[in-house]
Amino acid sequence: MSLSIDLGPAPIRAPARISLPAEKPHLVGLGREALAQALEKAGVPAKQVRMRTAQIWHWLYVRGVSDFSAMRNISKDLREKLISEFDISRPEIVEEQISVDGTRKWLLRYPPRGAGRPVEVEAVYIPEKGRGTLCVSSQVGCTLTCTFCHTGTQRMVRNLTAGEIVGQLLIARDRLGDFPAHDTPDGAIVPGEGRLVSNVVMMGMGEPLYNYDNVRDALAVVSDGDGLAISKRRITLSTSGVVPMIRPTGEEMGVGLAISLHAVRNDLRDILVPINRKYPLEQLLEACRTYPGASNARRITFEYVMLKDVNDSDEEARELVRLLKGIPAKINLIPFNPWPGSNYGCSDWDRIERFAAIVNEAGYASPIRTPRGRDILAACGQLKSESERMKKTERMAAGAAA
Ligand code: SAH
Ligand code: SF4
């Protein structure tokens, strides 16, 4: 995901609007148990709670409704009560961009929480043959400061709630037509295998393992078989290497693991991925070796960004293969996606191919990740930074006019 030349359609930008503070508790992102408790607290009779929970769950996650009025099998009185007590609205789509290659990117705005301000994050949809992957954000900004990553230069604002994380998938399914039309007869539901979003990767903005509880709760909702139904085998969580949380991720979430490795020596990784100073390579690889559920059928992905003259030598490719010995691994070589002000360049194509050939010879297949959505800058942190730049320009224009 990099560079830009192609002319995609002009982005649709929603006018800035002042969001009112979210007063009502949001139901999206609650587990079934928490949803049942919320309903009971709101006065739904105890003997109805189970049935109402199942109905609301179905409307929210199978049919994708964002309005209680559409929940036809719930009595009018109860619907009105639900409307007055709870929120099930979507985040606001500030901007939607569609690449000539079909990649889509949304800039989403969430209302303020408490005394905070509205926040914006991005989600990216990447269609592929026979499947489609949604790249989801877990935080607004990131506390970590990986030197090649644009998100790392942005201020960490806050963690997203489980509902805000799930909301990204709901928006993608809305916009792609992945939910059945609300007025179709019951039963006319898009079958799982026909869905455009078939896979989810936690690879957007933020470090998911620094927002562990919310990501865990969100992924439980996303993988619920009677709801959004994305199987845990089709969910991958990417971490820069928060070692103590890796085992719990396997045990509690049971999703696929990706590691942002990017360097094979501690001295270099300390610079590229500074969390390495806290959890060095030896500890990280040991956590991978013992990751619950990893097997040859469920390999751990190692992401390796190709930085010109920094980490792209033949020697490093050989060292990478040596380091991963004994770990059921696959390797993703990611061409570096430059951003304004970055101090790195992307390795030349023949260098990437040579690096890939060494990795291939060791038995790792087709490891170069094809850049997608070039024309809409569909890469980690880029949409957000575009919008921040725009705001700065708008501010300057306003200043000049005053
Ligand atoms: N914080 C998590 C997940 C989000 S980043 C993590 O670091 O794993 C998702 C992936 O994009 C990571 O592998 C990250 O290293 C990579 N990435 C970040 N900036 C990039 C850039 N400019 N070019 C290519 N890959 C980048
Ligand atoms: Fe944060 Fe991941 Fe970017 Fe590092 S690569 S700054 S952990 S989002």
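The values are calculated or read from the model by the stated rules, or taken from the named source; none is laboratory data. Predicted, not measured: the structure shown is a model, and the values here were computed from it. Every residue, glycine among them, receives a Cβ derived from its backbone with ideal geometry; neighbour counts consider all protein chains shown. The protein model used for the area step is the full one, side chains on, heavy atoms only, and it has no ligands, DNA or RNA in it. Shrake-Rupley method; radii C 1.70, N 1.55, O 1.52, S 1.80 Å.
In the structure displayed, which of LYS47/LYS76; LYS24/LYS105; LYS41/LYS81; LYS105/LYS129; LYS41/LYS76 lie more than 21 Å apart, Cα to Cα?
Numbers: LYS47/LYS76 18 Å; LYS24/LYS105 28 Å; LYS41/LYS81 12 Å; LYS105/LYS129 18 Å; LYS41/LYS76 19 Å.
Pairs exceeding the cut-off: LYS24/LYS105.
Computed from backbone phi, the HN-Hα couplings of region 224-231 come to 5, x, 9, x, 5, 6, 9, 5 Hz, rounded to whole numbers (Karplus: 6.51 cos²θ - 1.76 cosθ + 1.60, θ = phi - 60°; Gly and Pro given as x).
Taking amide H as placed 1.01 Å from N in the peptide plane, the amide H of ILE368 sits under 5 Å from that of LEU333, each at least 5 places away or on another chain.
Amide hydrogen proximity for PHE302: with H placed 1.01 Å from N in the peptide plane, the residues at 5 or more positions away or on another chain lying under 5 Å are ILE259, LYS330, ILE331, ASN332. Ranked by the mean number of other Cβ atoms within 10 Å of their residues, highest first, the peptides 273-285, 340-352 fall in the order 273-285, 340-352.
Mind checking the full-extension length gain between GLU315 and LYS41? Use 0.36 nm per residue of separation minus the Cα-Cα distance, one decimal, nm. Working shown, then result.
Working: separation 274, 0.36 × 274 = 98.64 nm, distance 6.19 nm.
Gain on stretching GLU315 to LYS41: 92.4 nm.
In whole percents, the pair-distance distribution calculated for the chain from its alpha-carbon pairs, binned every 20 Å from zero, is 26, 56, 17, 1. Of the residues VAL121, VAL49, VAL222, the one that moves most in a GNM of the chain with alpha-carbon contacts below 10 Å is VAL49. Full extension of the chain between THR143 and GLU128 gives 2.2 nm of extra length, using 0.36 nm per residue less the Cα-Cα distance. Each Lys and Arg Cβ is given +1 and each Asp and Glu Cβ -1; about its Cα centre, region 32-85 then shows a dipole of about 200 debye. A simple rule links phi to the HN-Hα coupling: the Karplus curve 6.51 cos²θ - 1.76 cosθ + 1.60 with θ = phi - 60°, which for region 117-123 gives 10, x, 10, 10, 9, 10, 9 Hz, with x for Gly and Pro. Taking 0.36 nm per residue of separation and subtracting the Cα-Cα distance, full extension of the segment from SER295 to ALA365 would add 23.6 nm. For region 43-184, the square roots of the Cα gyration tensor eigenvalues, ordered a ≥ b ≥ c, give a/c of at least 1.5 with a/b no greater than b/c, which places it in the oblate category.
For trypsin sites (Lys or Arg not before Pro), the sites in region 114-157 that DSSP calls loop and that have at most 14 other Cβ atoms within 10 Å are LYS129, ARG155. Considering only PRO45, PRO367, PRO338, give the residue with the highest GNM mean-square fluctuation for the chain, with springs between Cα atoms whenever their separation is below 10 Å. Answer for the Gaussian network model of the chain: PRO45. Kirkwood's formula applied to the C-alpha pairs of region 310-372 gives a hydrodynamic radius of 12.5 angstrom. A Förster radius of 60 Å, combined with the Cβ-Cβ distance separating GLU33 from ASP348, puts the computed FRET efficiency at roughly 0.65. Here the Gaussian network model covers the chain, with springs between Cα atoms less than 10 Å apart; of LEU176, LEU144, LEU257, LEU176 fluctuates the most. Annotation: amide H-H contacts under 5 Å for CYS346 (H modelled 1.01 Å from N, sequence separation of 5 or more, or interchain): LYS308. Here the alpha carbons of region 32-85 define both size measures, Rg and Dmax, at 10.2, 26 Å. Over region 111-270, with every protein chain in place, what whole percent of the accessible area is carbon and sulfur at 1.4 Å, could you tell me? The computed percentage sits at 50. Per-residue Karplus couplings for region 86-98, computed as 6.51 cos²θ - 1.76 cosθ + 1.60 with θ equal to phi - 60°, are listed in order as 10, 10, 9, 6, 7, x, 7, 8, 7, 7, 10, 10, 10 Hz, Gly and Pro entered as x.
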